[in-house]
Amino acid sequence: MVVIEEGVEVRVARIFNTFGPRMHMNDGRVVSNFILQALQGEGLTVYGSGSQTRAFQYVSDLVNGLVSLMNGNISSPVNLGNPEEHTILEFAQLIKSLVGSRSQIQFLPEAQDDPQRRRPDIRKAKMLLGWEPVVPLEEGLNKTIQYFARELEHQANNQYIPKPKAARMKKGRPRHN
Ligand SMILES: O=C(O)[C@H]1O[C@H](OP(=O)(O)OP(=O)(O)OC[C@H]2O[C@@H](n3ccc(=O)[nH]c3=O)[C@H](O)[C@@H]2O)[C@H](O)[C@@H](O)[C@@H]1O
């Protein structure tokens, strides 16, 4: 173990789904895809029935968690995420309504090996770091939508409009759709 042999202090953050301004706009993740699609009037691409769940944390909550972790003395892994869980269909409906978009929700084939549920257990971070996420989902989404809208405007002037990425690879294998 590096910790014992070299006296190096180690911190291990297990980072769960995170979003916010300055995220990559078209790497195919769900929040960026849905925001781009809603802003551009395209169908919001829900893979499968949309009943799979995720829990998304806002970037500033993650940064605060990382800072607390670095300043603490826990060398075992600590989950950093927001435990508020929603279905992907709920995310699609929420983003569509926050954008005020007329986009349709478009159901596509399920992604391969797509986890049906993901929600972090953050009891350890709460207890040992006194950390928990504080930014409400809608507030974080609104800030992210504003960022995407400004970027689209800027990029439109430069003739480059990013497209949401359609095919996502899961575990290194191509999806069928
Ligand atoms: O561990 C992994 O395999 C992956 O975990 C997360 O990926 P994931 O939780 O699936 O996050 P998203 O890609 O944002 O997808 C979340 C859910 O939305 C669905 N989705 C995604 C994009 C889209 O346009 N439509 C859609 O329904 C996906 O099928 C999935 O169920 C991370 O974001 C990836 O970087 C990591 O590789």
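The values are calculated or read from the model by the stated rules, or taken from the named source; none is laboratory data. Everything numeric in this text was worked out from a predicted model, so none of it was measured. Note that we place each Cβ from the backbone using ideal geometry, even for glycine, and neighbour counts take in every protein chain shown.
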Number of positions in the range 58-86 that are under 19 Å from the mean Cα position of the chain (by Cα) and assigned to a loop (DSSP other than H, G, I, E, B): 4
Members of the range 25-39 that are under 12 Å from the mean Cα position of the chain (by Cα) and either in a loop (DSSP other than H, G, I, E, B) or among the acidic types (D, E) (or both): M25, D27, G28, R29
Would you pick out the residues in the range 96-112 that are surrounded by 11 or more Cβ atoms within 10 Å (Cβ to Cβ) and not hydroxyl-bearing (S, T, Y)? K96, L98, V99, Q104, I105, Q106, F107, L108, E110, A111, Q112
Only one of these is at pLDDT below 95, surrounded by fewer than 19 Cβ atoms within 10 Å (Cβ to Cβ) and more than 16 Å from the ligand (Cβ to nearest atom): V67, V63, V2, V12. Name it. V2
Only residues that are of a type in the set (S, T, Y) and touching a strand residue (DSSP E or B) at 6+ places or on another chain (Cβ under 6 Å): list them for the range 7-46, please. T18, T45
Can you tell me which of (1) of a type in the set (G, A, S); (2) in contact (Cβ under 8 Å) with a residue 24 or more places away in the chain; (3) on the phi > 0 side of the Ramachandran plot is the one G7 doesn't meet? (2)
All conditions in (1) out of contact with any His (no Cβ under 9 Å at 6 or more places or on another chain); (2) at pLDDT below 95 are true of P136 except (2)
Selected residue (only one of N17, N26 is within 8 Å of the ligand (Cβ to nearest atom) and either surrounded by fewer than 16 Cβ atoms within 10 Å (Cβ to Cβ) or not small (G, A, S) (or both)): N17
R117 fails exactly one of the following numbered conditions: (1) surrounded by fewer than 16 Cβ atoms within 10 Å (Cβ to Cβ); (2) more than 10 Å from the ligand (Cβ to nearest atom); (3) under 19 Å from the mean Cα position of the chain (by Cα). What is the number of that condition? (2)
Search result, residues across the range 40-57 that are more than 9 Å from the ligand (Cβ to nearest atom) and either within 11 Å of the chain's Cα centre (by Cα) or buried (at least 19 other Cβ atoms within 10 Å of the Cβ) (or both): A55, Q57
